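The structure under discussion appears below in the form of structure tokens.
The values are calculated or read from the model by the stated rules, or taken from the named source; none is laboratory data. What you are looking at is a predicted structure, and each value in this text was computed from that prediction instead of being measured. In this analysis, Cβ positions are derived from the backbone assuming ideal geometry, glycine residues included, and neighbour counts consider all displayed protein chains.
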Amino acid sequence: MGLGDQLMATGMARGANARGRRVAFGDGKRIIWDHNSASIFSGNPNIATPGSEGAPDLEWISYYKGRRIYNLQVKDRWVWNTKFKPIPGEVFFTPLEKQNAFRFGSGFILIEPNIESWKSVAPNKDWGRAKYQALADRFLEEGYRVAQFVYPKSTNPLDRVERLRTLSFRDAVAVLGKSSLYIGPEGGLHHGAAAMQRNAVVLFGGFIPPKCTGYEGHANLTGGATACGSLKACQHCRDAMAAISVDEVYKAAKARL
């Protein structure tokens, strides 16, 4: 699972500890984590760790890599389960992580032009650097602080914006919690915005429906398209992103600032 998938898992587990329970993500026999799980689940009292399969307080949820509940792969596309609705997740930060989150101050607009370029679906989620830059310019001209994250795999640096160097995804989510607004593609950071109770304008386009991974209160923009779930570069998804104008994103953002 990706980082966003892990954050959605923490939403599914919310409140378990208060009921005297822990959620076990797996197949009912094995707790199945992947390489991102420990980072996001660290310190979370609602989630059972691998090795605790025999504990009496477990509630099993069949949600792990290869079984994500909200979708099913059929040939070269995802078929979406539109009955699925994400619950905002949560990250249990250490005192040091909470302290470090303040190092860039607060109240900035975080714009994220980057997508996971190594994934085959990346072109379907790309709004384009030029549009992000035009949007950033409008806010800068109005005197807003505008920032983007810098990390080892980041590309598409925007001009004139503040560059916030983060140490990990957990660190990025903690810093995101000090922003006034997130603007960017559907993905890990929009789930992070929901977990940190931040406003967001999320560029969904035509790949995945907001019904599956969108949150109430966020502006979830599709360009008027029905999600196709294509795992390959798709003209339908390009057209959907092209239909989302800078002005539409700007107006949605201003309404949430």
Taking region 60-87 and keeping only residues that are more than 18 Å from GLY206 (Cβ to Cβ) and under 18 Å from the mean Cα position of the chain (by Cα), one is left with TYR63, TYR64, LYS65, ARG68, ILE69, PHE84, LYS85, PRO86, ILE87
Select, from ARG22, ARG30, the only residue that is touching a Leu at 6+ places or on another chain (Cβ under 8 Å), basic (Lys, Arg) and either closer than 30 Å to GLN148 by Cβ or not assigned by TED's automatic domain parsing to the domain that holds VAL146 (or both). ARG22
Condition met for VAL246 (under 30 Å from PHE92 (Cα atoms) and either crowded, with 21+ Cβ neighbours inside 10 Å or in contact with a Lys or Arg (Cβ under 6 Å, 6 or more places away or on another chain) (or both)): no
Identify the residue in region 1-31 that is more than 21 Å from the chain's Cα centre (by Cα), of a type in the set (A, V, I, L, M, F, W, C) and outside any helix (DSSP H, G or I) and, among all such residues, is farthest from ALA55 (Cα to Cα). ALA16
